[in-house]
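Quick notes on the structure that follows.
The numbers here are math on the coordinates, done by the rules we state, and not lab data. Quantities reported herein were computed from a predicted structural model and do not represent experimental measurements. Quick reminder, even Gly has a Cβ in these numbers, built from the backbone with ideal geometry, and neighbours come from all protein chains shown.
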Amino acid sequence: MKKYFRYVAVMLSFATAVTLFAACSKNNDDSSAANTTATTVYVPSEFKTDINSIYTEDGKIFMGGNELVTDSNGVTVIDESGNLIQKVTDAQGNEATQPVTFPNFINEGSRVACQQFTITCPSGWESSGNLNFRLKNAAENKQIEYSFRDKADEKYKTADEEYATLEETFKSMIDDGSAILTKSTTTVAGKNAVKIVLEFTGENPSYMETYCVETENGMMCFNCYCNYEDKGFDFKAILDTIEYRV
């Protein structure tokens, strides 16, 4: 059923088909994800000044060799434009701050932070990602992939419009019962959301549920995958640990 999720990737505009297919098979290979972790606990000294180097040291978070400003709970602080704030030294030798573009994600203890929110990474799960970030439990083949869709994009669609597109694309399969597509309203960490579930019930059945949270500037999309027999897994319980930053 991987080919069907290729269509879903196009319809929902999520980043890469390879990522979307990760939970369609119990025997998938995720070697690419293993090499894209953005945050490490230890970085060799010669790389610590690299602008893309993010690491923790003595309970502090650093990026490009400069400490990031955090709040009293150790969570990185962002400015009104969604940038991280670095502590730097100005030309006179005084301590100052400067904005720096928020990377894909940052590990902050048991939580993972991106520009729009922070979320708890459950025990047994890991964070990774390149274009988008994802939480994954490799042992149980469960995954949540996050992407943000900007309203400024000419291809932007609301959750209802995305659902209508899927309904049209898979109409023949829905009619013959080999695909099941449903939509409902729910909440994600207190914000209104649309939940779209797409199941393929034929040989090698596949399951995906997506939570769409519309914001002033776009839509947060959470694509959730697991083995078909685990489709009752409560992904929402993980998503409900989100604390929004915007």
Yeah, the range 137-178 with a ≥ b ≥ c from its alpha-carbon gyration tensor (a/c under 1.5 is rounded, else prolate when a/b outruns b/c, oblate otherwise) is oblate
Gyration tensor on Cα atoms of the range 110-189, a ≥ b ≥ c root eigenvalues, a/c under 1.5 rounded, else prolate if a/b beats b/c, else oblate, says oblate
With a ≥ b ≥ c from the Cα gyration tensor eigenvalues, square-rooted, and the rule rounded for a/c under 1.5, otherwise prolate when a/b > b/c and oblate otherwise, the range 121-246 is oblate
Distance in nm between residue 161 and residue 140 label points, each 7 Å along Cα→Cβ, equals 3.6
Taking r as the C-beta separation of residue 182 and residue 69 and R0 as 41 Å, the FRET efficiency to the nearest 0.05 is 0.40
For residue 191, the aspartates and glutamates lying under 13 Å Cα to Cα, once residues fewer than eight places off in the same chain are dropped, come out as 214, 216, 240, 243
Distance in nm between residue 243 and residue 189 label points, each 7 Å along Cα→Cβ, equals 0.9
Ordering 217-227, 197-207 by per-residue average of other C-beta atoms within 10 angstrom, highest first, gives 217-227, 197-207
Under the 7 Å Cα-to-Cβ spin-label approximation, residue 204 and residue 173 lie apart by a distance in nanometres of 1.2
With 0.36 nm assigned to each residue of separation and the Cα-Cα distance removed, residue 152 to residue 89 gains 19.1 nm
Given 153-163, 60-70, the highest-first ranking by average Cβ count within 10 Å works out to 60-70, 153-163
